[in-house]
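The values are calculated or read from the model by the stated rules, or taken from the named source; none is laboratory data. Remember, it's a predicted structure, so these values are computed and weren't measured experimentally. So basically every Cβ, Gly included, is an ideal-geometry build from the backbone, and we count neighbours across all protein chains shown. Ligands, DNA and RNA are stripped out before the accessible areas are found, and what is left, the full protein with its side chains, is counted by its heavy atoms. Shrake-Rupley method; radii C 1.70, N 1.55, O 1.52, S 1.80 Å.
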Amino acid sequence: MNKLFAACMLLIGMMVSAQQLSSPNKNLQLTFALSAKGEPTYALTYKNKPVIKTSKLGIDTKDVAPLLNGFTIDKTETSTFDETWTPVWGEEKSIRNNYNELLVTLSQKDQKGRYIRIRFRLFNDGLGFRYEFPEQPELNYFTIKEEHTQFALAGDHKAFWLPGDYDTQEYSTVTSKLSEVRGKMKAAVTPNASQTTFSPTGLQTPLMMKSADGLYINIHEAALVDYSCMSLNLDDKNMVLESWLTPDAIGNKGNIQTSSTSPWRTIIVSDKAGDILMSRLVYNLNEPTQFKDVSWIKPVKYVGVWWEMITGKSTWAYNDLTNVHLGELDYSKTKPNGKHAANTAHVKEYIDFAAKHGFDAVLVEGWNEGWEDWFGKSKEFVFDFITPYPDFDVKELHRYAESKGIKIIMHHETSGSVRNYERWMDKAYQFMVDNGYNAVKSGYVGNILPRGESHYGQWMVNHYLYAIKKAADYKIMVNAHEAIRPTGLARTYPNLIGNEAARGTEYESFGGNNPDHTTILPFTRLTGGPMDYTPGIFQTKISAYNPDNN
């Protein structure tokens, strides 16, 4: 009898601590509760169908007691928000931002009352939630060992997935049941210039799924700032996805100073696939732009001097030297290879084509010194971003493009040497302003320097945002390649005009993509923001351009 009484009291206690929240249209229902161990948990249903079964929340730490259990609920607050905002640019004139919110304050009494908050926002099309770390005497700095946010699924869903990787998203989408991921992972991991997979069941976000009973579920993150990118690790026996953060060079997964927050963890859900496509939940979880003047931000349609280099018909490099020390070499005294594409006369041909066929701009790769000797090498100083090759006349091309009503887009390949890029950034952006460039395609090909850092760790996440903010100071738009996958930050920083962050069109000539890869991208990659897929290659057979390359 005593055992039965104790069990009943425990159940009652858990029920008392449970908090309910409904979406504005009542289709989605969130339940928050603490387990018997004081572990935060949540569950989500859509039209009474389970989307996420009871799942644990928490963060394991290295230098302070873990933020995993022993919590009690101090306070809960609910609110409703409804606005319509106008994007600076995009497909829609206005976006509605309507949600019901639950804010839970949790204390760890055995840690001198240390506390955190978990904020839930429930929209008609899904859920966003994040951890919040207020400034307090008992929690100033801490190091994340791992974030343990679970997404316990209701079945073995059909999934549209990419291998989890710390350095690349350039994989072709695989469609399979989640239970088949482990068996298909080896074939899914195709070669790339920089890649670091972490688990035979590791998956990237955005992860799109379809349940057997017709629910479409998309898991991603929003407002990724000063935090490591989240991947997902699948427990394929229990069908539980769990957050897996990108580590830094010494294995830590985040260095946090209060007051701060995690990114939002997002779950978009509907019984209609089109609703996933049309969702603006990720954007709505980002802050409005603080830019007062946005008149200089305008998407453009461009052609580029790059494809012929990929085919081998032309080169990025001015000559064929194999041991270049930038700044010590007078390129005008070296022998050109005769195949350098970014020369004045040839770029004028591209400008003429753009003007004739209604394009706005021309992107030119390979215009600057240093391309001969860097790929695959750990060279700290490869490019200075302001010194053109002898055959590229910056002033003349600016004059000619302007006479045709065409803009030229700058290209900054960092070679993964991030500190070098940051050292040159002000001079490089000022050089652009002085020569009529108002947009830049940046690149991060190869392994990141300093050695050991990954493309998607906290250190690089901070760099990408630094570059966007710095570009805004000079009224420059950014199209970043090999960078972090978007998480809606283009709302806050609308000069982030696009990202690559996916396997693009060029792979049609590198062995191909899976047949449905391109059709799936709008439901996955594009949930976080605009994409530069580099389309427009109508002939993907390389030998058609370069017969010597079969």
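When both residues are 6+ apart or on different chains and their Cβ atoms are under 6 Å apart, which pairs have a first residue that lies in segment 440-459 and is closer than 10 Å to Ser415 by Cβ and in contact (Cβ under 8 Å) with a residue 12 or more places away in the chain, and a second that is buried (at least 24 other Cβ atoms within 10 Å of the Cβ) and charged (D, E, K, R)?
Cβ pairs passing all conditions: Gly443/Glu413; Gly443/Glu482; Tyr444/Glu482; Val445/Glu482.
Before we move on, is Gly128 part of a loop (DSSP other than H, G, I, E, B) and crowded, with 16+ Cβ neighbours inside 10 Å?
Spelling it out, it is not the case that Gly128 is part of a loop (DSSP other than H, G, I, E, B) and crowded, with 16+ Cβ neighbours inside 10 Å.
Out of Phe392, Phe431, I need the residue that is among the aromatic types (Phe, Trp, Tyr), assigned to a helix (DSSP H, G or I) and on the phi < 0 side of the Ramachandran plot. Which one?
Values: Phe392 fails: assigned to a helix (DSSP H, G or I).
Within the list Phe392, Phe431, the selection yields Phe431.
On the given criteria, is Tyr533 out of contact with any Asp or Glu (no Cβ under 7 Å at 6 or more places or on another chain), touching a residue at least 12 places away in the same chain (Cβ under 8 Å) and either on the phi > 0 side of the Ramachandran plot or part of a helix (DSSP H, G or I) (or both)? Step through it out loud before you land on a result.
Working: out of contact with any Asp or Glu (no Cβ under 7 Å at 6 or more places or on another chain): yes; touching a residue at least 12 places away in the same chain (Cβ under 8 Å): yes; either on the phi > 0 side of the Ramachandran plot or part of a helix (DSSP H, G or I) (or both): no.
Answer is no for this residue.
Take the residues in segment 282-292 that are out of contact with any helix residue (DSSP H, G or I) (no Cβ under 7 Å at 6 or more places or on another chain) and touching a residue at least 12 places away in the same chain (Cβ under 8 Å); name whichever of them is farthest from Trp89 (Cα to Cα).
Our first condition is that a residue be out of contact with any helix residue (DSSP H, G or I) (no Cβ under 7 Å at 6 or more places or on another chain); within segment 282-292, this holds for 283-290, 292.
Still in the list and also touching a residue at least 12 places away in the same chain (Cβ under 8 Å): 283-290.
Details: Tyr283: 13, Asn284: 15, Leu285: 17, Asn286: 15, Glu287: 16, Pro288: 13, Thr289: 12, Gln290: 15 Å.
Ranking the qualifying residues of segment 282-292, first place goes to Leu285.
Which residue pairs have Cβ atoms closer than 8 Å, lie 6 or more positions apart in sequence or on different chains, and pair a first residue in segment 495-518 that is among the aromatic types (Phe, Trp, Tyr) with a second residue that is at pLDDT 85 or above?
Listed pairs, sorted by first residue: Tyr507/Glu170; Tyr507/Ser172.
Could you tell me whether segment 367-374 includes any residue that is open to solvent by 70 Å² or more (accessible area, probe 1.4 Å), in contact with a Ser or Thr (Cβ under 9 Å, 6 or more places away or on another chain) and in a loop (DSSP other than H, G, I, E, B)?
Residues of segment 367-374 open to solvent by 70 Å² or more (accessible area, probe 1.4 Å): none.
No, there is no match, as no residue in segment 367-374 is open to solvent by 70 Å² or more (accessible area, probe 1.4 Å), in contact with a Ser or Thr (Cβ under 9 Å, 6 or more places away or on another chain) and in a loop (DSSP other than H, G, I, E, B).
Six or more apart or on different chains, Cβ atoms under 8 Å: show the pairs whose first residue is in segment 117-141 and at positive phi and whose second is at pLDDT 95 or above and open to solvent by 10 Å² or more (accessible area, probe 1.4 Å).
Note: pairs meeting the criteria are Gly126/Ser279.
So Thr168 passes all but one of these: (1) within 20 Å of the chain's Cα centre (by Cα); (2) surrounded by fewer than 21 Cβ atoms within 10 Å (Cβ to Cβ). Which condition number does it fail?
Going through the list (1) within 20 Å of the chain's Cα centre (by Cα); (2) surrounded by fewer than 21 Cβ atoms within 10 Å (Cβ to Cβ), Thr168 breaks only (2).
State all residues of segment 220-229 that are surrounded by 23 or more Cβ atoms within 10 Å (Cβ to Cβ) and not aromatic (Phe, Trp, Tyr); if no residue qualifies, say none. Give the steps one after another, and end with the answer.
Within segment 220-229, the subset surrounded by 23 or more Cβ atoms within 10 Å (Cβ to Cβ) is 220-222, 224, 227-229.
Within segment 220-229, His220, Glu221, Ala222, Leu224, Ser228, Cys229 qualify.
Restricting the search to segment 441-452, which residues are surrounded by fewer than 24 Cβ atoms within 10 Å (Cβ to Cβ) and among the hydrophobic types (A, V, I, L, M, F, W, C)?
Across segment 441-452, the qualifying residues are Val445, Leu449.
Can you pull out every residue in segment 202-216 that is over 20 Å from the mean Cα position of the chain (by Cα), part of a loop (DSSP other than H, G, I, E, B) and over 10 Å from Ala154 (Cβ atoms)? Steps first, answer last, please.
Within segment 202-216, the subset over 20 Å from the mean Cα position of the chain (by Cα) is 210-216.
After this cut, where a residue has to be part of a loop (DSSP other than H, G, I, E, B) as well, the list is 211-215.
Passing the criteria: only Gly214.
What pairs can you find where one residue is in segment 63-80 and part of a strand (DSSP E or B), the other is open to solvent by 50 Å² or more (accessible area, probe 1.4 Å) and of a type in the set (Ser, Thr, Tyr), and their Cβ atoms are less than 8 Å apart, with a gap of 6+ or different chains?
Once the first residue is part of a strand (DSSP E or B) and sits in segment 63-80, its partners that are open to solvent by 50 Å² or more (accessible area, probe 1.4 Å) and of a type in the set (Ser, Thr, Tyr) give Asp74/Tyr115.
May I ask you to list the residues in segment 136-176 that are in a strand (DSSP E or B) and among the β-branched types (Val, Ile, Thr)?
Filtering segment 136-176 for residues in a strand (DSSP E or B) gives 136, 139, 141-147, 150-153, 158-161, 163, 165, 174-176.
Passing the criteria: Thr143, Ile144, Val174, Thr175.
Is there a residue being acidic (Asp, Glu) and open to solvent by less than 40 Å² (accessible area, probe 1.4 Å) anywhere in segment 152-163? Lay out the reasoning, then the answer.
Kept after step one, since they are acidic (Asp, Glu), are these residues of segment 152-163: 156.
Retained after the next criterion (residues that are open to solvent by less than 40 Å² (accessible area, probe 1.4 Å)): none.
No, segment 152-163 contains no residue that is acidic (Asp, Glu) and open to solvent by less than 40 Å² (accessible area, probe 1.4 Å).
Scan segment 487-497 and give yes if some residue there is closer than 25 Å to Phe129 by Cβ and open to solvent by 30 Å² or more (accessible area, probe 1.4 Å), otherwise no.
From segment 487-497, those closer than 25 Å to Phe129 by Cβ are 487-493, 496; that's our starting set.
Then drop every residue that is not open to solvent by 30 Å² or more (accessible area, probe 1.4 Å), which leaves 493.
Yes; the residues of segment 487-497 include at least one that is closer than 25 Å to Phe129 by Cβ and open to solvent by 30 Å² or more (accessible area, probe 1.4 Å).
Hey, among the residues in segment 510-544 that are touching a helix residue (DSSP H, G or I) at 6+ places or on another chain (Cβ under 6 Å) and farther than 30 Å from Glu221 by Cα, which one's modelled with the highest pLDDT?
Ile542
Looking at Tyr507, Tyr437, which one is open to solvent by less than 30 Å² (accessible area, probe 1.4 Å), among the hydroxyl-bearing types (Ser, Thr, Tyr) and outside any loop (DSSP other than H, G, I, E, B)?
Being open to solvent by less than 30 Å² (accessible area, probe 1.4 Å), among the hydroxyl-bearing types (Ser, Thr, Tyr) and outside any loop (DSSP other than H, G, I, E, B) holds for just one of Tyr507, Tyr437, which is Tyr507.
Among (1) farther than 30 Å from His325 by Cβ; (2) charged (D, E, K, R); (3) buried (at least 21 other Cβ atoms within 10 Å of the Cβ), there is one condition Glu482 misses while meeting the rest; what is its number?
Going through (1) farther than 30 Å from His325 by Cβ; (2) charged (D, E, K, R); (3) buried (at least 21 other Cβ atoms within 10 Å of the Cβ) one by one, Glu482 breaks only (1).
From the list Val382, Val364, Val418, Val433, which residue is among the aliphatic types (A, V, I, L, M), under 30 Å from Val461 (Cβ atoms) and touching a Gly at 6+ places or on another chain (Cβ under 7 Å)? Walk me through how you get there before you give the answer.
Working: Val364 fails: touching a Gly at 6+ places or on another chain (Cβ under 7 Å); Val418 fails: touching a Gly at 6+ places or on another chain (Cβ under 7 Å); Val433 fails: touching a Gly at 6+ places or on another chain (Cβ under 7 Å).
Residue meeting the stated conditions: Val382.
Output the residue which, of all residues in segment 190-219 that are among the aliphatic types (A, V, I, L, M) and open to solvent by 50 Å² or more (accessible area, probe 1.4 Å), is modelled with the highest pLDDT.
Going through segment 190-219, the residues among the aliphatic types (A, V, I, L, M) turn out to be 193, 203, 207-209, 212, 215, 217, 219.
Filter again for open to solvent by 50 Å² or more (accessible area, probe 1.4 Å), leaving 193, 212.
Values: Ala193: 93, Ala212: 97.
Among those residues, the one meeting the criterion is Ala212.
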